[in-house]
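I have placed the structure first, in the form of structure tokens, so that the comments after it can refer back to it.
Read-outs throughout are calculated quantities, based only on the coordinates presented, and are distinct from any laboratory measurement. All values derive from a computational prediction rather than experimental measurement. Glycine gets a Cβ as well: all are built from the backbone with ideal geometry, and neighbour counts include every protein chain shown.
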Number of protein chains: 2
Amino acid sequence: MINTLCVIGVGLIGGSLAKVLRKKKWCRRVIGIDTNQQALETALELNVIDDGFADVEQCTEVPDVVVIAVPVLRVKDVFAQLQPWKSQCKAVTDVCSTKMNVIQAYEDVFASSGENCFVPGHPIAGRETSGVAEAVNDLFLQKKVILTPLKSTSKDSINLVSDMWEQTGANVEQLGPQEHDKILAATSHLPHALAYSLVHCLSTQSHTEEIFRYAAGGFADFTRIASSDPVVWREICLANREQLLAALEHFDTSLLQLRDSLQANDGDALEKIFTQAKNARDEYRNS
Amino acid sequence: MINTLCVIGVGLIGGSLAKVLRKKKWCRRVIGIDTNQQALETALELNVIDDGFADVEQCTEVPDVVVIAVPVLRVKDVFAQLQPWKSQCKAVTDVCSTKMNVIQAYEDVFASSGENCFVPGHPIAGRETSGVAEAVNDLFLQKKVILTPLKSTSKDSINLVSDMWEQTGANVEQLGPQEHDKILAATSHLPHALAYSLVHCLSTQSHTEEIFRYAAGGFADFTRIASSDPVVWREICLANREQLLAALEHFDTSLLQLRDSLQANDGDALEKIFTQAKNARDEYRNS
């Protein structure tokens, strides 16, 4: 148990984390920091935070643990604000979907090479809704949380952040940051790009209304992630640009293979692609 | 209520339809026809059919209503087998996901231009599992069934097939066959092609196992349809080849727009695409 948790960015992820950690009594107090006054008010009303501030400067109390839960490209500004707290916190972590650029931002701001308390993290959890009003206690339950610590990160900070996530019911693992970004480009960023592209493509057609009218369950599942927050995903895509471009290129090769087979009326080639995909998907489901 | 229903192709769709129509007592008897002896045995065991035959010729009783539920490219062979029954049935319908090619097959086999009992149909329902063992009573509940009757289809046959589907709890509508195929290419065939391509692409990468290991809920939803039956989807793609190729081309334009924006680090352009997609998806969800 710690004394004070500070969540910077009181949205779905930050709010859900604060909510469950209070419930588990892992922290005595929660401070929320958000430039959005309405988010702070909602968080106070819902009893997710004890105090709310528009920025770090206004908060006079130094927290034990800081969780940065803002859109990924804003993390660097937050690091700059954290300068005064840095040597006093037990751990600083983040929840961003990309890790290489967060680490780069950290190194840009905190140039020192000594041991530090920064534990880059990524809970692989979420939903297509957003905002603290949607915060729930079980958002991280049985989900994976990947930590990508620096060589200079203190072991105590890693243990504290691991403990924090374990309180939420998540399974904590460690990966290298580059490996993390490559894997997430394939399983998360690429699917989001495809879902957004598909719905964008259909919404620009002349018979959009009829198209959606006759869409069935498979379509609803397939396009659910296209309801995700556009600002969050703009930033994730930009932050993991190289890996996502590589994943898109790889995907394009597969799609072209399918299209060429269809163009050539080559049913056997189509069936081979579909069968390989089905086998991989079935194995994933059963694992 | 009719006397005898004949389901040709006793799989998930044909089996579920037989099951619920028996339950609703819409038919007195169900005959199953399937070249797969195991499917017939399972259907008999599960009490989905009363009698099973390997082909139409072996069945001496002429049914009132015939439902063709075989993969789409096999429909023409079935029509040929139905020649002896044709003038005695009250209605013949099918459940195929594409309609233009089924109508073409019908016209190839039954050249006569007079009034007839064929009602092309398509229940927009299904799941990624297959086989009669998976048959359920509520597969069509509150789902859309689209009928695309010919000009020569008798009104009585249309009414009978509509009544049959309404018994299952489905909402029956009519569309032109070409319009049907264009809409389904966009909302069903294209998403399946993309899901298959994505999983195929990931399954051919060097770190496939890790990729799937860290895949989250959004990925599971997005790729669920890649577990669909490869033979069924091979045939659907070939049957609706022109419309699917057009849909793929349209999608490619959208994906290229996204990729170009990402390549150019143009966050505003990305956000615009994502926002338009999110708005369309949210509207669909709320409709």
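Selection among A:257, A:216, A:201 by position relative to the dipole of chain A gives A:216 as farthest towards the positive end (Cβ unit charges, Cα centre). As a length-normalised measure over Cα pairs under 8 Å and 6 or more apart, the relative contact order of the range A:141-198 settles at 43 percent. By the rule of a C-alpha distance below 18 Å, with chain neighbours fewer than 8 residues away ignored, the aspartates and glutamates paired with residue A:86 are A:55, A:57, A:61, A:64, A:77, A:94, A:107, A:108, A:115, A:156. Take residue A:166, move 7 Å from Cα toward the beta carbon, and the resulting point lies 6.2 nm from the same point in each other copy, nearest first. Take residue B:138, push a point 7 Å out from Cα through the beta-carbon direction, and compare it with the same point in every other copy: 1.9 nm, smallest first.
Across peptide B:249-255, the average count of Cβ atoms from other chains found within 10 Å of a residue's Cβ is 6. Think of each Lys and Arg Cβ as +1 and each Asp and Glu Cβ as -1; about the Cα centre, that makes the dipole of the range A:179-286 roughly 200 debye. Rounded to the nearest Å, what's the spacing between the alpha carbon centres of the range B:259-287 and the range A:22-100? Just the number, please. Computed from Cα coordinates, the inter-centre distance equals 29 Å.
With a Förster radius of 45 Å applied to the C-beta separation of residue B:256 and residue B:60, the computed FRET efficiency comes to 0.15. Around the Cα centre of the protein assembly as shown, unit charges on the Cβ atoms of Lys, Arg, Asp and Glu (plus for the first two, minus for the last two) sum to a dipole of about 980 debye.
Relative contact order for the range B:2-175: what percent, with Cα pairs under 8 Å and sequence separation of 6 or more? Averaging sequence separation for qualifying contacts and normalising by length gives 24 percent for the range B:2-175. Straight-distance candidates among the aspartates and glutamates for linking to residue B:272, with alpha-carbon spacing under 16 Å and chain neighbours fewer than 8 residues away dropped: A:229, A:235, B:260, B:282.
Determine the sum of side-chain charges near residue B:137: Lys and Arg each +1, Asp and Glu each -1, restricted to other residues whose C-beta is under 11 angstrom from that of residue B:137. Taking every Cβ under 11 Å from that of residue B:137, the sum is +3. Of all beta-carbon atoms in chain B, the one sitting closest to the axis that brings chain B onto chain A gives B:221, 2, with the distance in whole angstrom. Among B:158, B:49, sorting on how many other beta-carbon atoms sit within 10 Å of each Cβ, with the fewest leading, yields B:158, B:49.
Remark: B:281, B:74, A:28 ranked as A:28, B:74, B:281, counting other beta-carbon atoms within 10 Å and listing the fewest first.
Using a simple spin-label model with pseudo-atoms 7 Å out from Cα toward Cβ, residue A:151 and residue A:81 lie 3.2 nm apart.
Counting Lys and Arg as +1 and Asp and Glu as -1 over every other residue whose Cβ lies under 12 Å from the Cβ of residue B:154, the net charge comes to +1. Report the antiparallel proportion of the DSSP beta bridges in the protein assembly as shown as a percent, rounded to a multiple of 5. Percent antiparallel among DSSP bridges in the protein assembly as shown is about 10.
Max-minus-min Cα coordinates of chain A on each principal axis give 69, 41, 33 Å, with the largest extent listed first. Averaged over peptide A:115-127, the number of partner chain Cβ atoms lying within 10 Å of each residue's Cβ comes to 1. Taking the helices alone, chain B has a mean residue ellipticity at 222 nm of -15000 deg cm²/dmol, built from -39,500 (n - 2.57) per DSSP H run of at least 4 residues and averaged over all its residues.
Sorted fewest first by neighbouring Cβ atoms within 10 angstrom, B:251, B:53 come out as B:53, B:251. Along its first, second and third principal axes, ordered by size, the protein assembly as shown spans 89, 44, 38 Å in Cα coordinates. Plainly put, the tip 7 Å out from Cα toward Cβ on residue A:282 is 4.0 nm from that tip on each other copy, the closest given first. Projection of the Cα convex hull of the range B:179-286, averaged over all directions and equal to a quarter of that hull's surface, yields 8.7 nm². Take the Cα of residue B:279, step 7 Å toward its Cβ, do the same at residue A:264, and the gap between the two points is 4.3 nm.
Taking each of A:76/B:278; A:25/A:90; B:90/B:155 in turn, the alpha-carbon distance tops 21 angstrom for A:76/B:278.
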